[in-house]
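The values are calculated or read from the model by the stated rules, or taken from the named source; none is laboratory data. What you are looking at is a predicted structure, and each value in this text was computed from that prediction instead of being measured. Cβ placement follows ideal geometry from the backbone for every residue including glycine, while neighbour counts extend to all protein chains displayed. Protein only, heavy atoms only, side chains kept; ligands, DNA and RNA dropped before computing areas. Shrake-Rupley method; radii C 1.70, N 1.55, O 1.52, S 1.80 Å.
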Amino acid sequence: MKKIKDILIIGLLMFVISSCGKEEERDIISGYPNFRIDLNNLDADLRTSGNIKTFTKPRLMNESVGYSGLIVVSNIIQENGVVSLSAFDLCCPNEKIREITVVPSTSDGTAICSKCKSVFDLYSGIGNVKSGPSKTGLQRYRVRSESNNTVFYVTR
């Protein structure tokens, strides 16, 4: 009985330790976005599942677009019309230089680094590496909805 208890404790500790490391990897780019997405006006094209939009400049005085800019992806449109968005920094996590960005593609839902050619999956909502030298996925940002799921805020 003691052996089983010891094995369970060791297994739990290994799980906790490995989980902590994965979260830290997601904070590899120093950008702090504060950006508003409005599906009723300027960003209505994000109402369609699979659409991708990039933002390299703030639209309002109090906005910011992260480190190199934002990629916003419309992932799933549910039956009731609720939109699910995900957001990533344009900066390649392998290069970590503001001017070296990834280029998104709606044809296959990926983004490719203009320098190292790493390929990242956008449609998963996670931004993981599909191929290339990058060891980490794209910097993912939080997307919070307000106003009946038509206004969203992208933050860290």
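Values for this structure:
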read-out	value
Residues of segment 121-152 that turn out to be surrounded by 14 or more Cβ atoms within 10 Å (Cβ to Cβ), touching a Ser or Thr at 6+ places or on another chain (Cβ under 8 Å) and assigned to a strand (DSSP E or B), as a count	8
Selection count, segment 29-58, where residues are part of a helix (DSSP H, G or I), of a type outside the set (Lys, Arg) and either touching a His at 6+ places or on another chain (Cβ under 9 Å) or surrounded by 14 or more Cβ atoms within 10 Å (Cβ to Cβ) (or both)	1
Cβ-Cβ under 9 Å pairs, at least 6 apart or on other chains, segment 141-156 side touching a residue at least 60 places away in the same chain (Cβ under 8 Å), far side open to solvent by 50 Å² or more (accessible area, probe 1.4 Å) and acidic (Asp, Glu)	PHE152/GLU146; TYR153/GLU146; ARG156/ASP27
Criterion (small (Gly, Ala, Ser), within 17 Å of ASP27 (Cβ to Cβ) and free of Cβ contacts under 8 Å to residues at least 40 places away in the same chain) met by exactly one of SER49, SER64	SER64
Residues of segment 100-111 that turn out to be assigned to a strand (DSSP E or B), of a type in the set (Val, Ile, Thr) and under 15 Å from GLY69 (Cβ atoms), as a count	3
